[in-house]
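Read through the structure below, which is laid out as structure tokens, and then see the notes.
The values are calculated or read from the model by the stated rules, or taken from the named source; none is laboratory data. None of the values given here were measured: they were computed from a predicted structure. All Cβ positions, glycine included, derive from the backbone under ideal geometry; neighbour counts span all protein chains shown. Protein only, heavy atoms only, side chains kept; ligands, DNA and RNA dropped before computing areas. Shrake-Rupley method; radii C 1.70, N 1.55, O 1.52, S 1.80 Å.
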Amino acid sequence: MGYYEERVESHLVWAILVTLFCCLPFGIVAIVHAAQVDGKLSAGDYEGAQEYSDKAKNWCIASMVCGVIWMIIYGSVKL
Amino acid sequence: MDDHLWISKIIGKKHMEKRTLDKNKGTIYLALILSLIIFFYLYNPTKIFYPPCPFCYLTGFYCPGCGTSRAIYQIVHGNFLYALNLNPLMILSLPFLFYLVMCNLNIKIGEKLIFKRRVFTKKFYVMLIAVIVLYWILRNIPIYPFSILAP
């Protein structure tokens, strides 16, 4: 296990959290990107891994933002 | 560490700066867990005004996350079996999530890391996605052995 491999985050925790705790299918996309991160890492491509790490993070954030937007829309329509 | 400079050139300075935020990670996880516990201790999601899952609301099908908030309510109030009934995969994933969070936090005893960040194999990810997608499909089948999975 190299020193640099610990440096690139796969954001798997948040990917699973948004899939099982949130509600939208975006979580699956985040898990696929997390898989790409670890795939690139084991192939030794650290730049590629970093790129996919950022993508995975963005999907997690997108999913959370969608959840919040849904709450606001639902709340403002039903209240 | 000589290694250090060499890596910052490859991965980029931006990423090295991100790692200084590591200490905040623990705070974020702790805040998330505490706020979930406090919120669901005080409020029952079936009784207060609480937005339903958008996927379920729009399509009528259950998603892998349906029943999670009710399950957390039951866990916080000590009913583990009832929580398992509401969203079994979420409950079963909790120990694994705990392990991943521990890996993320880089907690050290002396100089040694307790849990190291693991690079999972492709097989692991294929399994993970297969389990989630299968769970998604099976919990929508309203026939006995599968209906246990529904919330």
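Calculate one ³J(HN,Hα) per residue across the stretch B:119-127 by plugging θ = phi - 60° into the Karplus curve 6.51 cos²θ - 1.76 cosθ + 1.60, and present them in order as whole Hz with x for glycine and proline.
Ordered by residue, 3J(HN,Hα) equals 8, 7, 7, 4, 4, 4, 5, 4, 4 Hz.
Based solely on its DSSP helices, what 222 nm [θ] is calculated for chain A when runs of n ≥ 4 H residues each add -39,500 (n - 2.57) and the sum is averaged over all residues, nearest 500 deg cm²/dmol?
-26000 deg cm²/dmol, from helical runs alone.
Using a 1.4 Å probe, how large is the accessible area of B:Thr121, given in Å² and rounded to the nearest 10?
My reading of the accessible area for B:Thr121 is about 90 Å².
Take B:Phe98 and A:Leu79, extend 7 Å from each Cα along the Cα→Cβ direction, and tell me the distance between the two endpoints in nm.
It works out to 3.6 nm between the two label points.
Per residue of the stretch B:137-147, what does 6.51 cos²θ - 1.76 cosθ + 1.60 with θ = phi - 60° give for ³J(HN,Hα)? Whole Hz please, x for Gly and Pro, Karplus curve as stated.
6, 5, 6, 8, 8, x, 10, 2, x, 8, 5
Using a Gaussian network model of chain A with C-alpha springs under 10 Å, which one of A:Ser63, A:Ser42, A:Ser53 is most mobile by mean-square fluctuation?
Highest fluctuation of the listed residues: A:Ser42.
For the stretch B:51-151, which chymotrypsin sites (Phe, Trp or Tyr not before Pro) are both in a DSSP coil and crowded by at most 13 other Cβ atoms within 10 Å?
Answer by residue number: B:Phe61.
Only Cα pairs under 8 Å and at least 6 apart count here; give the relative contact order of chain A as a rounded whole percent.
33
Given an 8 Å cut-off on Cα distances and at least 6 residues of separation, report the relative contact order of the stretch B:86-147 as a percent. Before the final figure, lay out each step's value.
Numbers: 22 pairs, mean separation 10.9, N = 62.
Computed value for the stretch B:86-147: 18 percent relative contact order.
Given Cβ point charges of +1 (Lys, Arg) and -1 (Asp, Glu) and nothing else, what value in debye, to the nearest 20, does the dipole of the stretch B:59-151 about its Cα centre take? Intermediate values should be presented prior to the final figure.
On the way: 9 positive and 1 negative charges, 84 e Å.
Dipole magnitude for the stretch B:59-151 comes out near 400 debye.
Taking θ as phi - 60°, what are the ³J(HN,Hα) couplings along the stretch B:77-91 by the Karplus curve (6.51, -1.76, 1.60), each to the nearest whole Hz, with x for Gly and Pro?
9, x, 9, 5, 5, 5, 5, 4, 5, 7, 8, x, 5, 4, 5
Given R₀ = 45 Å, what would the calculated FRET efficiency be for B:Tyr41 paired with A:Ala43, taking r from the Cβ atoms and rounding to 0.05?
0.45
Just to make sure I understand: if all protein chains stay in place, what is the order of B:Met127, B:Met102 by accessible area at 1.4 Å, largest first? List each step's numbers first, then the result.
Details: B:Met127 120, B:Met102 35 Å².
Ranking B:Met127, B:Met102 by accessible area, largest first, yields B:Met127, B:Met102.
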